[in-house]
């Protein structure tokens, strides 16, 4: 998807999508600001990360917490290829329960009601986080031999949204690599 000042790249799962909205003008400014002399290959892609369901989008991670989308996509691609989701949840919490558990944990922390058991479970769950910001997060893990990806919103007002889907890590890693290539090329063409 494209308009004059943004590009959207999407990862589609069963029942939801994760959209990365690349802000072209900001990406050009940041790319120029961070480039070292003589390094014309460096690209800094400024992007917000969104959860899209049934045509409605909810902010997951702002551009500030997303950082350089090019590096984020490279990191996610490597994590999905290398680990093949060695982190597993069975016996810890129920399938598709990562986001809801984390939401409850942060509420307990804010209310000073967390327990030692909470901290132990948090330590088991946090390595599964792929991307996190003030507005939401994305996690991936193995559950009974199946790769699962979750996205969850954490709105200041309203009800949080928790979604999950089985997925193929290798296929998603390939899609991430393609997105990275396309985003780099689109920004470089405008520099």
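Tabulated data
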quantity	calculated
When residues of the stretch 1-29 are limited to those that are touching a residue at least 24 places away in the same chain (Cβ under 8 Å) and out of contact with any helix residue (DSSP H, G or I) (no Cβ under 9 Å at 6 or more places or on another chain), the one surrounded by the most Cβ atoms within 10 Å (Cβ to Cβ)	18
Residue satisfying all of: in the stretch 66-94; modelled with pLDDT under 90 and in a helix (DSSP H, G or I); nearest to residue 31 (Cα to Cα) among these	79
The stretch 122-136: number of residues that are within 21 Å of residue 171 (Cα to Cα) and either under 11 Å from the mean Cα position of the chain (by Cα) or in a strand (DSSP E or B) (or both)	3
The stretch 155-168, residues that are touching a strand residue (DSSP E or B) at 6+ places or on another chain (Cβ under 6 Å) and either surrounded by fewer than 19 Cβ atoms within 10 Å (Cβ to Cβ) or part of a strand (DSSP E or B) (or both)	160, 161, 162, 163, 164, 165, 166
Of the criteria (1) surrounded by fewer than 18 Cβ atoms within 10 Å (Cβ to Cβ); (2) in contact with a helix residue (DSSP H, G or I) (Cβ under 7 Å, 6 or more places away or on another chain); (3) farther than 21 Å from residue 48 by Cβ; (4) in contact (Cβ under 8 Å) with a residue 40 or more places away in the chain, which one residue 144 fails	(2)
Test: residue 156 is more than 23 Å from residue 44 (Cβ to Cβ) and over 14 Å from the mean Cα position of the chain (by Cα)	yes
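The values are calculated or read from the model by the stated rules, or taken from the named source; none is laboratory data. As the structure is a prediction and not an experimental result, all values here were calculated from the model. Virtual Cβ from ideal backbone geometry, glycine too; neighbours counted across all protein chains shown.
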